[in-house]
Amino acid sequence: MLTPMRLGFGEILIVLVVVLLIFGANKIPQLGDALGKGIRNFRKATGSPDDSIDVTPPKADPEQIAGAPQASTPQQQPARSESRKA
């Protein structure tokens with residue numbers, strides 16, 4: 001059975017040295033800044049319910065309902081079948 005992989009201090013140090021060699025000392029702060037902005041934008045996008053669409057119907061005012069005349073429903077007319085002659 002496989003055990004979960006755990007990183008110790010030595011492994012983390014090796015990874016950091018490799019990242020430093022690949023990107024250089026000047027790019028590391030820029031990478032950290034970009035990573036922080038990305039995480040911040042992700043949290044803002046997933047956490048704010050402001051952008052959700054509200055589909056609940058508006059509540060009707062009881063005074064308007066009591067004073068309004070009842071709307072009659074239109075009666076359905078039977079469908080007419082027209083035959084076309086060619």
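Read-outs: derived from the displayed coordinates by stated rules, not from any lab. Since the structure is predicted, the reported quantities are computational estimates derived from the model, not experimental observations. With ideal geometry, Cβ positions are generated from the backbone for all residues, glycine too; neighbour counts draw on all protein chains shown.
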For the pair Thr46 and Lys27, how long in nm is the line joining their label points, each one 7 Å along Cα→Cβ?
2.7 nm
Mind ordering 3-10, 35-42 by average Cβ neighbours within 10 Å, highest first?
35-42, 3-10
